[in-house]
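Take a look at the structure set out below.
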Amino acid sequence: MEKIYWYPKLRQAQIRQLYRNDALGAVDEDLVEEVGFSLFQRCRSIQTVTRREVECPRCGTTFPMCEPDSWKMLSGVQSCPTPGCGWETTAEQWHASWTKRDLLGTAATQAIETYLRDYPQAKTPQERMVCIDQLIHAFHISLRTGKAGRSFGNNLIEGSHEDVVAFLDQLSATPSGVDKEEWRAEVERMYDRRRGRDGS
Ligand SMILES: [Zn+2]
């Protein structure tokens, strides 16, 4: 039986090179598309897990692993609904396949949906770069408080949470991308919150 597949995180070196080129005005269109497409695939994996679904590795059909609007996992063997496909799994196998791999994006659905919608429509390397820049600098926004709780880049790029935030901090700003000063201020507020200093 084919194994469940999730798209891996991106390497920091690849993104560092992309931003170096961007800062030098030396656009490498292939690299922009490679990074942009990898992020697209990673976001699709995160979206699938967050929707509590699996993608059949045999035919590509997506189907649920939990009861509707709940995290209660379906019991027993789950067969792909495509007639004649025959691939099957269990909710336990599905859960084990993504757990501890930063594939849950419940508080980042807006950033994910925006990228999955806008990236395919971006026509120039510059437009693609702006989509990439906004995505990797996004945060998990608490559904309870409406405030940033974690860096979403940590779900997309290799390294620990602090490591990824420090990495993003070093990337140069890209024209019409995120306001880097504003982003740094948000990071400060996020860390204050994580240390429990603002009472929210
Ligand atoms: Zn199938």
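The values are calculated or read from the model by the stated rules, or taken from the named source; none is laboratory data. What you see is a predicted model, and the numbers here were worked out from it, not measured in a lab. Because the Cβ atoms are built from the backbone with ideal geometry, glycine has one as well, and the counts that use them run over all protein chains shown. All accessible areas refer to the heavy atoms of the entire protein, side chains included, with ligands and DNA or RNA removed. Shrake-Rupley method; radii C 1.70, N 1.55, O 1.52, S 1.80 Å.
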Test Glu67 against the stated conditions and say whether it is away from the ligand (no atom under 16 Å from the Cβ), of a type in the set (Asp, Glu), open to solvent by 40 Å² or more (accessible area, probe 1.4 Å) and within 24 Å of Val164 (Cα to Cα).
no
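Quick check on this structure: which one of Glu88, Glu33 is within 16 Å of the ligand (Cβ to nearest atom) and either surrounded by 12 or more Cβ atoms within 10 Å (Cβ to Cβ) or under 29 Å from Ser176 (Cβ atoms) (or both)? Talk me through it step by step, then tell me what you get.
Working: Glu33 fails: within 16 Å of the ligand (Cβ to nearest atom).
Testing whether each residue is within 16 Å of the ligand (Cβ to nearest atom) and either surrounded by 12 or more Cβ atoms within 10 Å (Cβ to Cβ) or under 29 Å from Ser176 (Cβ atoms) (or both) leaves just Glu88.
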Kindly check whether there is at least one residue in the range 12-28 that is outside any helix (DSSP H, G or I), surrounded by 14 or more Cβ atoms within 10 Å (Cβ to Cβ) and either touching a residue at least 12 places away in the same chain (Cβ under 8 Å) or more than 20 Å from the chain's Cα centre (by Cα) (or both).
yes
Pair list, Cβ under 7 Å, 6 or more apart: the range 152-171 residue under 26 Å from Thr48 (Cβ atoms), other residue acidic (Asp, Glu):
Asn154/Asp102; Asn155/Asp102
Which residue pairs have Cβ atoms under 7 Å apart, sit 6 or more places apart or on different chains, and have a first residue in the range 74-99 that is of a type in the set (Phe, Trp, Tyr) and a second that is open to solvent by 70 Å² or more (accessible area, probe 1.4 Å) and within 16 Å of the ligand (Cβ to nearest atom)?
Trp87/Met1; Trp87/Glu2; Trp87/Arg58
Inside the range 115-126, the number of residues satisfying the requirement of being touching a Cys at 6+ places or on another chain (Cβ under 8 Å) and either assigned to a helix (DSSP H, G or I) or open to solvent by 40 Å² or more (accessible area, probe 1.4 Å) (or both) is 4
Considering the range 153-193 alone, what residues qualify as being open to solvent by 20 Å² or more (accessible area, probe 1.4 Å) and of a type in the set (S, T, N, Q)?
Ser160, Gln170, Ser172, Ser176
Can you name the number of the only condition in (1) surrounded by fewer than 19 Cβ atoms within 10 Å (Cβ to Cβ); (2) in a helix (DSSP H, G or I) that Asp133 fails?
(1)
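So that you can scan it fast, the table gives a plain yes or no per residue for (1) within 16 Å of the ligand (Cβ to nearest atom); (2) open to solvent by 50 Å² or more (accessible area, probe 1.4 Å); (3) farther than 26 Å from Val165 by Cα; (4) assigned to a strand (DSSP E or B):
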{"position": "Lys3", "(1), (2), (3), (4)": "yes, yes, yes, no"}
{"position": "Pro8", "(1), (2), (3), (4)": "no, yes, no, no"}
{"position": "Cys59", "(1), (2), (3), (4)": "yes, yes, yes, no"}
{"position": "Ser75", "(1), (2), (3), (4)": "no, yes, yes, no"}
{"position": "Gln93", "(1), (2), (3), (4)": "yes, yes, yes, no"}
{"position": "Leu104", "(1), (2), (3), (4)": "no, yes, no, no"}
{"position": "Ala107", "(1), (2), (3), (4)": "no, no, no, no"}
{"position": "Ile112", "(1), (2), (3), (4)": "no, no, no, no"}
